[in-house]
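Have a look at the structure below before the remarks.
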Amino acid sequence: MITADLIVANLAELVTCEPSLGEGPLGVIANGALAAADGRVVWVGPQSRLASGVTLTLGGRRLDGRGAVAVPGFVDSHTHLVFAGSREREYAMRAAGASYQQIATVAATRAASIDELVNLALPRLRAALAHGTTTLEVKSGYCLDPAGEVKMLEAIRRLDELQAVDLHANFCGAHEVPPEYKGRTDAYVDVVVKEMLPAVAAARLARYVDVFCEEGVFSIEQSRRILEAGAQHGLRAKFHADEFVTLGGAELAAEIGALSADHLLKARPEGVARMKEAGVTAALLPGTAFFLGLPYAPARTFLATGVRLALASDFNPGSSMGLNLQLVMTMAVSQMKLSPEEALLGVTLHAAHAMGLEADVGSLAPGRLCDVALTDGPNWRYLSYFYGVNHVRAVLKRGRLVHER
């Protein structure tokens, strides 16, 4: 008999994202239930076996799922959640033919205090949580100077302490070449490597390191230097690769053993195949293609290599102003021809792999955190099928009810 301090019962479906625990590639248990202790899952199975397998501790809670479909809390592995300024006017101008620029966000974020950045980001996090996201990567990269990048990462740390979604910081000081270094990219790379990275590492402000490896931004050689320097400070690589030009970012990700290479709209299939062999996750961001009116990444071509495929929001003010991973799944199915199963794995287990967190999140196997989204609808397929609405009724984080509609 397993002892638990939380039981969630009366579920129409329990989607574990662990094939060994249920039917199909998602491990679906019809009329399922789960139990947790100290914030982690200890038992999953059919409700008919709950009474004989689990006992609730004195003072423990039994939550009535009321026929909900339970899925792992969503994992958003690529966001730029912290920034100041607003760019809705640019959005309208771009619809009329203007080009994408992000320098206005840099100026506003440089001018903002930590408190201001935190207060701006908190409503965004509430929206993400309300749509089922329980784990979220957040990049710096909108200050592009040593003090400002540290400020952004300190804001991320404070945000992590203030609300329920688990935040994992990514140092992205090489998101762009700042105006004062235009034409002197190597000199700015020196600042990133010699000043920013040591300061970030000393204060333990980030888990990952990122670079915008793209023509006109940072070359393969410059990107390799930054990512390898990050590795020397214990930061795992998760970086922008082959978004607008086929530069070789996928191959670089395989070479250095990155956790993920992200965007990949212009990646070579052979480069993605090398990523697969190196265990690198391909993180695709359909919201960006949707928002900018660009072609979508060739997901089926990539999947033919066997690579693990994650999906993320790329939430940012200039090219993907959306945090709803349910809608991202719809885009992935309708525009990139993923199966609904592949799309759901993309925002759960595979996204957890893209962050190196698969031992804790992304599935509801025993031992994982009890991060659960309770959703309406007759089955899990409605998450990507019935689009434009929020299916999430309630959210558990580490076994605690943190959102209820």
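Please pull out the direction-averaged projected area of the range 1-63, using the convex hull of its alpha-carbon atoms, in nm² to one decimal place.
So the Cα hull casts an average projection of 4.0 nm².
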D190 and D38 label points (each 7 Å along its Cα→Cβ direction) are spaced in nm at 5.1
Given Cβ charges of +1 for Lys and Arg and -1 for Asp and Glu, the option among V54, F315, L325 whose Cα lies farthest towards the positive end of the dipole of the chain is V54
Expected sort for 111-121, 35-45, 307-317, 249-259 on mean C-beta neighbours within 10 Å, highest first, is 307-317, 249-259, 35-45, 111-121
The percentage of the accessible area of the chain (probe 1.4 Å, all protein chains present) made up of carbon and sulfur atoms, to the nearest whole number, is 52
Averaged per residue, the 1.4 Å probe accessible area of the chain, protein heavy atoms only, in Å², is roughly 38
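Express the C-alpha Rg of the range 249-405 as a ratio against the empirical globular expectation 2.2 N^0.38 Å, rounded to two decimals.
Relative to the rule-of-thumb radius for its length, the range 249-405 sits at 1.04.
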Per-residue ellipticity at 222 nm attributable to helices in the chain (runs of n ≥ 4 DSSP H, -39500 (n - 2.57) apiece, nearest 500 deg cm²/dmol) works out to -9500 deg cm²/dmol
Rg from C-alpha atoms of the range 77-199, normalised by the globular rule of thumb 2.2 N^0.38 Å, equals 1.10
For the range 317-405, Rg(Cα) over 2.2 N^0.38 Å is 1.12
Computed ³J(HN,Hα) along the range 44-56: with the Karplus parameters 6.51/-1.76/1.60, θ = phi - 60°, integer Hz and x for glycine or proline, the list is 9, x, x, 4, 4, 9, 5, 4, 7, x, 9, 10, 8
Here the range 147-228 gives, from Cα atoms, an Rg and Dmax in Å of 13.4, 42
Taking every other residue with Cβ under 14 Å from the Cβ of P286 and scoring Lys and Arg +1, Asp and Glu -1, one gets -3
Once the in-chain neighbours fewer than 8 apart are removed, the lysines whose Cα is under 28 Å from K266 read K139, K182, K238, K276, K337
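The values are calculated or read from the model by the stated rules, or taken from the named source; none is laboratory data. No experiment lies behind these values; they were computed from the predicted model shown. Positions of Cβ are backbone-derived with ideal geometry, glycine not excepted, and every protein chain shown enters the neighbour counts. Ligands, DNA and RNA are excluded from the accessible area calculation, which covers all protein heavy atoms including side chains. Shrake-Rupley method; radii C 1.70, N 1.55, O 1.52, S 1.80 Å.
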